[in-house]
1. Show me, for region 263-268, the HN-Hα J-couplings you get by feeding each phi into the Karplus relation (A = 6.51, B = -1.76, C = 1.60, θ = phi - 60°), rounded to Hz, glycine and proline as x.
2. First select every other residue whose beta carbon is under 13 angstrom from the beta carbon of GLN192; then total the charges, Lys and Arg +1, Asp and Glu -1.
3. Could you check how much of the accessible area of region 326-382 is carbon and sulfur, as a whole percent, using a 1.4 Å probe?
4. Sort region 87-212 into rounded, prolate or oblate with this rule: let a ≥ b ≥ c be the square roots of the eigenvalues of the Cα gyration tensor; rounded if a/c is under 1.5, and if a/c is not under 1.5, prolate when a/b is larger than b/c, oblate otherwise.
5. Run through region 214-280 and list the GluC sites (Glu not before Pro) located in a DSSP loop whose Cβ has at most 10 other Cβ atoms within 10 Å.
6. Per residue, how much accessible area does region 1-84 have with a 1.4 Å probe, in Å²?
7. With 21 Å as the limit, write out which pairs from LYS13/LYS52; LYS213/LYS234; LYS85/LYS105 have Cα-Cα distances beyond it, or answer none.
8. Which residues does a label at SER182 reach in region 140-158, if reach means a backbone N under 19 Å from a point 7 Å past the Cα toward the Cβ?
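The values are calculated or read from the model by the stated rules, or taken from the named source; none is laboratory data. Bear in mind that the values here come from a model prediction, so they are computed numbers and not experimental data. All Cβ positions, glycine included, derive from the backbone under ideal geometry; neighbour counts span all protein chains shown. Heavy atoms of the whole protein, side chains included, go into the accessibility calculation; ligands, DNA and RNA do not. Shrake-Rupley method; radii C 1.70, N 1.55, O 1.52, S 1.80 Å.
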Amino acid sequence: MKKAFANTRVAVKLRKSEHHEEWYLYLEAYPVFEPGNDKPQRVREYLNRIIKTPLWDKTRNARTTSDGKKSYKPKRDLNGVILCKSQLDQEMCLYADAVRRIRQKEYDNAALYSETDAEQAEQLERSHANFIEYFDHVQKTRHRNSSESIIVNWRRVYELLKIFAKGDTLLFSQIDMRLIESFRTFMINAPQGGNKSGTVSQNTASTYFSIFKAALKQAFIDGYLTVDIAAKVKGIQEQESRREFLTIEELNKLAQTPCDPLLKRAALFSALTGIRHCDIQKLKWSELEEFNGNYRVNFTQQKTKGVEYTPISEQAYQLCGEQKEGEVLVFAGLPDPSWINRPVKKWVEAAGITKHITFHCFRHSYATLQLAGGTDIYTVSKMLGHTNVRTTQIYAKVIDAKKEKATETIKLDLSDTE
């Protein structure tokens, strides 16, 4: 006797909000036959995801109201994923489609196997999947819009995984505590990338191993691993690095020392605002605005993708130069990070400063001087755009060290006090 199949199809659909110009994403499965009921059912699953910029296919009518107003079906790509104008909305639709694939597979497996058989078959299939390919997929999908430094780090760990595995394949079935500890040891002595010789620093190894653990965590969430093995593994301890900074006197020296005007304006702007080089380089005039008689910068951080409203001083605004059209870059022509530190070094030496200063040290200077001036650490953390105040505490330690040194400044002759 032939087995009857329900042929259930799962689709991602939209439901318009009653009060806002936005749409709820949900899954609809049909036909679904429930035990004791021969009538096919429609099963809807809302995903707690909202989009605002779907694209509409004007060639496909959805419905026409009594007053003649037409609505259309959403546009989809070749894989059936709903298309949106906004990148954030597009990611929501990709997430919805990923859930849809899982639900479709569940219905298909239910038709082919018993529930236990389906689960065992699916887990066996996942255990034979290639972790290195999965890692590459995660970094290309989840981090394709991350900052350049994050993307570079993920790509480097991908290359190191292939070196460790001595090839392109590392099956999920091979991943256990022994292999992870072996990779941890390998990472501590991992070779540097590019044309650099020697091994990575301990802090770099710590960053790389954290990325590896993040991929394992995601694999557990996605069902490739049955145990959250990443939670059982200790990370590589970071070493505290020295955060070099400039004093106000040294900044004033630099302000009076001849240098390329664009570099000088951008560097001092960073010292007065704490804004990173990558954000200064892409800062547009449309992101500078006057607010309540003061000035502020409204921009999205390249590194954290956080939207920041950063107040800046009038001096910082003056360093921006003559105001231009909205989309024009404020510091147009500012060199990339790989090139800018060479002229910074010459400028610092010309000012008679012996510290090892890079462009990023101007951001360090802002943080350190703010804390030294009495600004509380939570405000400084917010101004710097840190996602965790612990990152800002590194600068607080610099201030504590300066206070300890200050206690030795006053020395008295106590020989006649007894």
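1. Going residue by residue, I get 4, 4, 4, 5, 5, 5 Hz, with x marking Gly and Pro.
2. Computed value for this residue: +1.
3. 57 percent
4. Oblate shape, in that a/c is at least 1.5 and b/c is the bigger or equal ratio.
5. For GluC sites (Glu not before Pro) across region 214-280 that sit outside H, G, I, E and B with at most 10 neighbouring Cβ atoms in 10 Å, the list reads GLU240.
6. 76 Å²
7. LYS85/LYS105
8. Flagged as within label range: 158.
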